[in-house]
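I have placed the structure first, in the form of structure tokens, so that the comments after it can refer back to it.
The values are calculated or read from the model by the stated rules, or taken from the named source; none is laboratory data. Predicted model, so just to flag it, every value in this text is computed and none were measured. Neighbour counts are summed over all protein chains in view; Cβ atoms, including those assigned to glycine, are modelled from backbone coordinates with ideal geometry.
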Amino acid sequence: MTQPKPSRRAAVAPFMAMDVLRESRRLERAGRHIVHMELGEPGAPAPLRIREAAAAALHEGSLGYGEAAGELALRTRIARHYGAHYGVEVAPDRIIVATGSSGAFLLAFLAAFDAGARIGVVMPGYPAYLNILEALGLIPAPIAVGEETRFAPTAELIEAAHRKAPLDGLLLMSPSNPTGAMIAPQELEKICAFCGDAGVTLISDEIYHRLEYEGRAETALRFSNAAIVVNSFSKYYAMTGWRLGWAVAPESLARPMERLQQSLAICAPTLAQRAAFAAFDAAEELEAIKKGYARNRALLLQRLPPMGLERFAPPDGAFYIYADVSHLTDDSARFCAAMLEEAGVATTPGIDFDRARGKAALRFSYAGSEAEVALGLERLGAWLSRRA
Ligand SMILES: Cc1ncc(COP(=O)(O)O)c(C=O)c1O
């Protein structure tokens, strides 16, 4: 039979970190030991408290469909978190619980933009942004950041992009994947003010909040009641596979996002929602996991420069280091493949995050165990000196 032709919107680029993972799993099946520094996910399982809450929910038995916007108890708990952590008041009916922040992005983009809208996206940035926008018929407008602004977008850069070709929306994240760089609160305030004045809908991806090592990330909700804030239980709360995140919508978009959710997913997984309720009370375990990341980060900052890897974006938060490898290669994909094959260390090539300039960069994730990161550094050092 003739096979159906894939649609033009399905022609999204591969997510290279996932391709690297596929290759490292192939090597593992062939008996090799691989150090995983390619994955942006916590090596630790979700805290016990969260898993116990899931077990209790399983025993109770009734795990049917829930309200499309999320269980009221969880939305109320998330709203309380904004008060306690940021001192910002948020009404629970502005919160939409979704299938990861990925699900929240779909709802936000569909609710806020018509096909053909231009959305500013910071480069280097999270690869799925471009893929989701393109699949939805939206037009990503890359805004390049670099050393001059500590790899963070500024109001000036955004205004310049808007002057060149008007933006309908702007997608920001802080701390950033892949760089770890954070937007200073004063700059975020300026950006929010600009977006408000210019009628640009701001989407603030705050998924790496609470994973800060230098300074503190501020929520866009402090400066704007028109921004869509997206967050997730995946990173700080170590619940990647539970597929749970949320959006805080402006009043005008809460109901449209709820309506979209009714038809796109019906609701986020009920079991994960019951478990996540306990996440905000798991501070002790979560902070212990974070301390492990902080030790990994300190080790990388100490050990990478003597290996010649001394130019990287300021790793303020998240669990990544984005290093310049231009003195070693102009093809980061080949470089990462050789490192994986010859040293048994998996990392992600920069082109995943920056199609234009990422050929000279790679991303290390330090979300794994301390033993694994230490072993990865040992292997990397030996491999680089063999190549020298
Ligand atoms: C910046 C950023 N946003 C969103 C996501 C998606 O996360 P999830 O759908 O698990 O919430 C990721 C995952 O790596 C990410 O790095």
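Overview of results
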| quantity | calculated |
| --- | --- |
| The lone exception for residue 74 - which of (1) surrounded by 20 or more Cβ atoms within 10 Å (Cβ to Cβ); (2) away from the ligand (no atom under 16 Å from the Cβ); (3) part of a helix (DSSP H, G or I) it fails | (2) |
| Residue in segment 47-67 that is modelled with the lowest pLDDT, counting only those that are outside any helix (DSSP H, G or I) and out of contact with any Ser or Thr (no Cβ under 9 Å at 6 or more places or on another chain) | 61 |
| Pairs where the first residue, in segment 50-65, is farther than 26 Å from residue 263 by Cβ and surrounded by 10 or more Cβ atoms within 10 Å (Cβ to Cβ) and the second is of a type outside the set (A, V, I, L, M) and at pLDDT 95 or above, C-beta under 7 Å, 6+ apart | 53/274; 53/277; 54/274 |
| Residue match in segment 232-246 (condition: surrounded by fewer than 16 Cβ atoms within 10 Å (Cβ to Cβ) and at pLDDT 95 or above) | yes |
| From the options 208, 236, residue that is in contact (Cβ under 8 Å) with a residue 60 or more places away in the chain and among the hydroxyl-bearing types (Ser, Thr, Tyr) | 208 |
| Residue in segment 82-95 that is within 14 Å of the ligand (Cβ to nearest atom), over 21 Å from residue 256 (Cβ atoms) and in contact (Cβ under 8 Å) with a residue 24 or more places away in the chain present | no |
| Of all residues making up segment 12-47, the number that are without any contact (Cβ under 8 Å) to a residue 60 or more places away in the chain and either closer than 23 Å to residue 126 by Cβ or in contact with a helix residue (DSSP H, G or I) (Cβ under 8 Å, 6 or more places away or on another chain) (or both) | 5 |
| Filter result (under 20 Å from residue 318 (Cα atoms) and more than 17 Å from the chain's Cα centre (by Cα)) within segment 22-52 | 35, 36, 44, 45, 46, 47 |
| Residue within segment 8-28 that is under 25 Å from residue 207 (Cα atoms), acidic (Asp, Glu) and not in a loop (DSSP other than H, G, I, E, B) present | yes |
| Some residue of segment 84-91 being under 30 Å from residue 167 (Cβ atoms) and touching a Ser or Thr at 6+ places or on another chain (Cβ under 7 Å) | yes |
| Residue ID - surrounded by the most Cβ atoms within 10 Å (Cβ to Cβ), chosen from residues in segment 310-334 that are of a type in the set (A, V, I, L, M, F, W, C) and modelled with pLDDT of 95 or more | 318 |
| So residue 214, is it among the charged types (D, E, K, R) and under 22 Å from residue 107 (Cα atoms) | no |
| Sole exception among (1) buried (at least 24 other Cβ atoms within 10 Å of the Cβ); (2) of a type in the set (Gly, Ala, Ser); (3) assigned to a helix (DSSP H, G or I) for residue 176, by number | (3) |
| Scope segment 307-334; condition closer than 28 Å to residue 174 by Cα and not in a loop (DSSP other than H, G, I, E, B); matching residues | 312, 317, 320, 321, 322, 323, 324, 332, 333 |
| Filtered residues of segment 200-253 (kept if part of a helix (DSSP H, G or I), of a type in the set (A, V, I, L, M) and farther than 19 Å from residue 186 by Cβ) | 253 |
| Selection from segment 118-153 of residues that are away from the ligand (no atom under 16 Å from the Cβ) and in a loop (DSSP other than H, G, I, E, B) | 137, 138, 146, 150 |
